[in-house]
Amino acid sequence: MIKVFVTDDHELYLEGLCLLLNRQEGVEVVGSSLTGTELLTVLPSIQADVLLLDVHLPDIEEAELLKSIRQLKPSIKVLYLTMMRGTRYIHKLMKYGIQGYLLKNAGIEELKTALKAVANGGTYFSKQINITDAESDFRNTITIDDNLVGEVLSKREIEILKLICKEFSNAEIAKKLFLSVSTVETHRKNLIAKLGVNNTVGLVKFAIKNNLIE
C-alpha cells in the first residue's frame, strides 16, 4: 500500500484528487493540506511514503519548503504534480532531492506509475519533459499549460511583468502603479525566483513564450 499525503492550494482540486487516489487499488491518502505551513506542521506525525505537492503554494517558497521537509523527514519521497514546465525550473528543484515531477494533464494511470516508482525508491519525470535538455535558455524557459498564467502569477505580478517588458524602470513602474520603489523591486525579485529565471532577460523570454507580450 502506497501512503500519500497531498498538498495543493486549490481546495476543489485537492478534494477531487484525494477522492480519485483513494479509489485506486494499492494507494491510500493519509492526509492533505492547502498550504505548505500546514504540511510542515503535521509532517512529523504523518506516516506517508510520498508527498504529492503542487509547486506554487501561496505561503512558502519552494526551496524553503523542500529544505524544511528534508530536515523533518529526510527519507520521505517528494513528487510534484503541477502545470509548470521548464527544464531549468525542474533542475532547480532537483537540487533539493525531489524524486519526481509530473504535469497535471497526466492521466490517473501515469500518476499511479509515478507514485509506484517514487515509493519504491526510483524517480519519475513527465514524459512530456526532457530533463536532460541542455539547449538554449529560451527553450528551457517555463511555459504554463493551457496559458493558465493567472493560476501562477497574481494580477499585480502580471501587470508589473508587462511593464518590465516595456523597459520601464522600477521607479517608473512605481509611479505608474502608485507603489513604492521597494515594493516594485520586491515584485521583480519574486518574479525572477518564482519563474526560475536569472534576470530581466529571462522574464522577457517567459512573457513572450506565454503570449503576455508580442
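Checking Ile131 against (1) closer than 24 Å to Asn198 by Cβ; (2) at pLDDT 85 or above; (3) outside the structural domain of Glu11 (by TED's automatic domain parsing), which test does it fail?
That leaves (2) as the condition not met.
Looking at Glu151, Glu157, can you tell me which residue is at pLDDT 75 or above, under 28 Å from Lys95 (Cβ atoms) and assigned to a helix (DSSP H, G or I)?
Answer to the selection: Glu157.
Going by the structure shown, is Gly107 surrounded by fewer than 15 Cβ atoms within 10 Å (Cβ to Cβ), in the same structural domain as Val6 (by TED's automatic domain parsing), at pLDDT 85 or above and not acidic (Asp, Glu)? Break it down into steps so the answer makes sense when it comes.
Numbers: surrounded by fewer than 15 Cβ atoms within 10 Å (Cβ to Cβ): yes; in the same structural domain as Val6 (by TED's automatic domain parsing): yes; at pLDDT 85 or above: yes; not acidic (Asp, Glu): yes.
Here the answer is yes, as Gly107 does meet what is asked.
Could you list all residues from the stretch 160-199 that are assigned to a loop (DSSP other than H, G, I, E, B) and crowded, with 18+ Cβ neighbours inside 10 Å?
In the first step, residues of the stretch 160-199 are kept if they are assigned to a loop (DSSP other than H, G, I, E, B); the result is 166-169, 178-180, 196-199.
Passing the criteria: Gly196, Val197.
The values are calculated or read from the model by the stated rules, or taken from the named source; none is laboratory data. This one's a predicted model, so the numbers in the text were calculated from it and none came from an experiment. Cβ: placed from backbone, ideal geometry, glycine included. Neighbour counts: every protein chain shown.
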